[in-house]
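One structure is given below, encoded as structure tokens.
The values are calculated or read from the model by the stated rules, or taken from the named source; none is laboratory data. Computed from a predicted structure; not experimentally measured. Don't worry about glycine lacking a Cβ; one is built from the backbone with ideal geometry, like all the others, and counts go over all protein chains shown. To get the accessible areas, we keep the full protein, side chains included, count just its heavy atoms, and leave off ligands, DNA and RNA. Shrake-Rupley method; radii C 1.70, N 1.55, O 1.52, S 1.80 Å.
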Amino acid sequence: MSNTNSQLVRMDRRTALKAAGAGFVALGFASTAHASPEAAAEALAKLSGGAAAATSDKITISLPEIAENGATVPVGITVDSPMTAASYVKQIHVFAEGNPSPETITFNLTPTGTADVNTRIRLSKTQNVLVAAVMNDGSVLTNKKEVKVTIGGCGG
Amino acid sequence: MNFKTIITTIAVLGTGITLAACQMDAYQAPNPNGSELWSGYKTATAETRAMQDDDFANPGMPMVDSAAALYNKKDGEANMSCADCHGAVDDPKGGSKGLPMKGVSARYPVYDADTKKPINVELRINKCRTKYQKAKEYKYESDAMLGMTGLIALQSRGIPMMSTADNPSDELNAAWKAGEAFYYERRGQLNMSCKHCHEDHQGELIRAEVLSQGQSNGFPTYRLKWSKLGSLHRRFRGCNGNIRAEPYGYGSDEYLNLETYLAWRGRGLPMEGPSVRK
Amino acid sequence: MANKPRVKLPKSAKAGEIVQIKTLASHDMETGNRKDKKGNKIPRLILNKFSCSFKGEELFGATMHPSVSANPYIAFSITAKESGTYDFTWTDDNGEVTKVSQDMSVS
């Protein structure tokens with residue numbers, strides 16, 4: 001990766017952080033982050049300014065209990081929240097605590113539609129997927145779900 | 001059943017069954033698949049099935065979209081497109097020449113009188129390219145070829161595979177016999193044949209994986225492991241590698257014969273390509 | 001991008017209706033962690049940004065990391081408000097932007 005590329009990526013992260021509002025800038029998705037539940041937990045804690053973010057059943061994570069192949073694991077996230085200018089979900093962060101780097105994808109939302117997103121992620125092994133929803137008032141909700149990743153006899 | 005048990009079972013039962021199967025009169029051969037004909041779709045998880053069921057979300061489809069553009073694009077010294085001979089890809093009449101793409105993948109491989117060998121969709125595409133379009137061949141496992149075979153397979157969705165190659169009067173019968181012999185022949189350091197997994201232990205677990213019936217009706221298939229569309233011959237090479245055998249080449253006679261034989265084993269199974277598998 | 005991304009956006013919608021949008025891009029999403037047959041690291045090259053915008057204003061976006069699967073699939077929803085062209089863009093690590101635009105009429 002050239003310097004230009006890494007700068008580009010950092011720019012993107014920074015832009016995303018700015019969009020998330022004050023206090024959030026300190027988040028620092030260190031690109032050297034080590035893969036561990038601690039690193040993922042740390043990233044989560046930083047989202048809510050160091051305070052332990054509340055685990056909330058307002059976040060529904062749909063993930064297979066057992067992924068057929070870790071290369072493509074469908075994930076759906078729904079946050080039970082209005083999506084009006086007064087109150088909406090601003091960002092949805094997805095962390096994979098066992099991956100080489102926990103950050104997976106961050107969705108940036110605006111007051112439109114519903115807070116319901118779907119994507120496909122890579123999971124290197126059996127692990128927890130952590131989801132954090134940042135609301136427009138800066139509050140953070142989190143939830144997590146474990147996914148078992150199997151190694152096949154011939155599909156592997 | 002774990003892998004070790006399978007191997008042990010195979011070692012005990014294998015030889016006798018292999019010999020018996022090879023000595024069977026081909027034309028009267030009973031259905032070797034067991035009581036039910038099934039594809040990997042049956043044992044796929046809901047998530048993987050959902051990816052196949054929604055053509056929009058099937059991750060192999062952008063490649064097929066690109067092939068649809070290639071299909072209509074004039075190419076080669078003859079400045080011809082596929083559509084010039086075959087009409088629109090989904091035209092059931094197949095244009096003015098009456099050469100529809102519908103059903104092609106369910107019918108192939110067919111006998112090629114020029115080479116006196118089976119010809120599959122991949123090699124047929126390249127024959128069209130060199131003979132009629134006067135264009136360069138596509139590489140066997142290239143994006144263009146995978147997209148094009150995917151596009152053609154799509155025109156046969158739901159149509160049952162229809163091989164009659166077991167009939168001694170069928171032009172493909174010699175290839176079918178060679179393919180059958182290959183299927184039952186032990187190979188590789190693990191000394192296993194196709195039948196040990198896909199006939200004797202179909203539907204059983206090999207570690208966390210359900211052994212398939214080894215059917216070819218879903219190809220090209222988007223394998224999550226490959227994260228890309230792949231050909232049947234790529235799958236053959238993978239299988240051969242897994243049993244520590246030297247894989248044969250893409251489009252090789254050995255694999256063409258096996259493809260011919262598998263088309264017969266799968267007769268009656270509706271086409272699913274491009275499918276999605278783990 | 002070698003193959004054009006797919007975007008599923010309805011051609012028309014009623015004002016106020018929640019519209020589901022699906023997108024599927026075609027990309028290897030090379031993580032930078034893999035090695036080639038000679039043992040050399042394969043450089044990272046991923047799509048790192050997705051955006052859906054209307055009249056220059058972003059309605060929905062995503063920042064992607066190497067843990068997003070090859071051929072990124074992103075589905076989300078918007079509230080139909082105005083007729084017009086919706087722009088979808090994917091940006092890779094080299095700054096190359098792929099854009100798909102689709103019209104939706106809102107009544």
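Extent along the principal axes, Cα only, for segment B:75-135: 28, 27, 16 Å, with the longest axis given first. By how many degrees, 0 to 90 and rounded to 10, does the Cα axis of helix B:3-23 deviate from the longest principal axis of chain B? So the inclination is approximately 70 degrees.
Report for chain B the percent antiparallel among DSSP-assigned beta bridges with both residues inside it, nearest 5.
75
Which positions within segment C:90-104 get 30 Å² or more of their accessible surface covered by the other protein chains, compared to the chain by itself, with a 1.4 angstrom probe? SASA drop of 30 Å² or more in segment C:90-104: C:Asp93. Taking the accessible area of segment C:6-96, probe 1.4 Å, and keeping the other protein chains in place, the carbon and sulfur fraction comes to 48%. Taking a straight line from the alpha carbon of B:Lys117, these aspartates and glutamates sit under 18 Å away, with near neighbours fewer than eight places off in the same chain left out: B:Asp166, B:Asp170, B:Glu171, B:Glu180, B:Asp253, B:Glu254, B:Glu259. For the residue pairs B:Lys136/C:Lys41; B:Lys97/B:Lys131; C:Lys11/C:Lys55; B:Lys127/C:Lys38; A:Lys90/C:Lys22; A:Lys58/C:Lys49, alpha carbon separations beyond 24 Å are given by B:Lys136/C:Lys41; B:Lys127/C:Lys38; A:Lys58/C:Lys49. Counting Cβ atoms of other protein chains within 10 Å of each residue's Cβ and taking the mean over peptide B:58-68 gives 5.
Two decimals is fine: what is log10 I(q)/I(0) at q = 0.12, 0.16, 0.20, 0.23 Å⁻¹ for segment B:174-278, from a Debye sum with one equal scatterer on every Cα and no solvent? Normalising to I(0) and taking log10 leaves -0.38, -0.71, -1.18, -1.59. For segment C:32-43, putting each phi into the Karplus relation 6.51 cos²θ - 1.76 cosθ + 1.60 with θ = phi - 60° gives couplings of x, 9, 8, 10, 7, 4, 8, x, 7, 5, 7, x Hz, in residue order, rounded to whole numbers and with x for Gly and Pro. Per residue, segment A:75-156 exposes 32 Å² of solvent-accessible protein surface, assessed with a 1.4 angstrom probe and all protein chains in place. At a cut-off of 40 Å², which residues of segment C:54-74 become less accessible once all protein chains are present than in their chain alone, using a 1.4 Å probe? When all protein chains are present, C:Leu59, C:Phe60, C:Thr63, C:His65, C:Ser67, C:Val68, C:Ser69, C:Ala70, C:Asn71, C:Tyr73 each give up 40 Å² or more of accessible surface. Interface burial in segment B:222-247, defined as at least 20 Å² less accessible area with all protein chains than with the chain alone at a 1.4 Å probe, covers B:Tyr222, B:Leu224, B:Lys225, B:Ser227, B:Asn242.
Using a 1.4 Å probe on protein heavy atoms only, how many Å² of accessible area do C and B hide from each other, summed over both chains and rounded to 100?
1100
Excluding ligands, DNA and RNA and using a 1.4 Å probe, chains A and C jointly bury around 2700 Å² of accessible surface, summed across both partners. The overall shape of segment B:213-275, judged from the alpha-carbon gyration tensor, is oblate: a/c is not under 1.5, and a/b is no greater than b/c. As an equivalent ellipsoid, the protein assembly as shown spans semi-axes of 45, 29, 20 angstrom, where each value is the square root of five times an eigenvalue of the C-alpha gyration tensor, largest first. Mean separation of Cα pairs under 8 Å and 6 or more residues apart, divided by the residue count, gives chain C a relative contact order of 32 percent. Rounded to the nearest 500, the helix-only mean residue ellipticity at 222 nm of the protein assembly as shown stands at -8000 deg cm²/dmol, with each DSSP H run of n ≥ 4 adding -39,500 (n - 2.57).
The mean count of C-beta atoms from other chains within 10 Å of the C-beta of residues in C:18-28, rounded to a whole number, is 4. Each Cα pair under 8 Å and six or more residues apart adds its separation to the average, and for segment B:61-154 the resulting relative contact order is 31 percent. With a/c under 1.5 counting as rounded, go ahead and sort segment A:81-120 into rounded, prolate or oblate using the C-alpha gyration tensor (a ≥ b ≥ c being the square roots of the eigenvalues; past the cut-off, prolate if a/b is larger than b/c, else oblate). Prolate shape, in that a/c is at least 1.5 and a/b is the bigger ratio. Just so you know, the Rg over Rh for segment B:117-196 is 1.06, from Cα atoms, with Rh as the Kirkwood radius.
Computing Rg and the Kirkwood Rh from the Cα coordinates of chain B gives a ratio, Rg/Rh, of 0.97. Bridge orientation summary for the protein assembly as shown: considering DSSP beta bridges with both residues in this region, about 90 percent are antiparallel.
Show me, bin by bin at 5 Å from 0, the whole-percent P(r) of segment B:75-209 based on Cα pairs. Bins of 5 Å from zero give 2, 9, 13, 16, 18, 16, 12, 7, 5, 3, 0 percent of pairs.
Under a 5 Å amide H cut-off, with hydrogens placed 1.01 Å from N, A:Lys90 pairs with A:Val134, A:Met135, A:Asn136 among residues at least 5 apart or on other chains.
In order along segment B:243-256, phi translates into HN-Hα couplings of 9, 6, 10, 6, x, 8, x, 4, x, 5, 4, 4, 6, 5 Hz, rounded to whole numbers, per the Karplus curve 6.51 cos²θ - 1.76 cosθ + 1.60 with θ = phi - 60° and x for Gly and Pro.
With +1 assigned to the C-beta of every Lys and Arg and -1 to the C-beta of every Asp and Glu, and no other charges, what is the dipole magnitude of segment B:66-155 about the Cα centre in debye, to the nearest 20?
Computed charge dipole of segment B:66-155: roughly 260 debye.
Other residues with beta-carbon under 13 Å from the beta-carbon of B:Asn72 carry, at +1 per Lys or Arg and -1 per Asp or Glu, a net charge of -3.
Quotient of the Cα radius of gyration of segment C:6-96 and 2.2 N^0.38 Å, N being its number of residues: 1.32.
Close amide H partners of A:Lys148, meaning residues 5 or more places away or on another chain with modelled amide H under 5 Å apart, are A:Ile66, A:Ala67. In order along segment A:76-84, phi translates into HN-Hα couplings of x, 10, 10, 10, 7, 7, x, 10, 10 Hz, rounded to whole numbers, per the Karplus curve 6.51 cos²θ - 1.76 cosθ + 1.60 with θ = phi - 60° and x for Gly and Pro.
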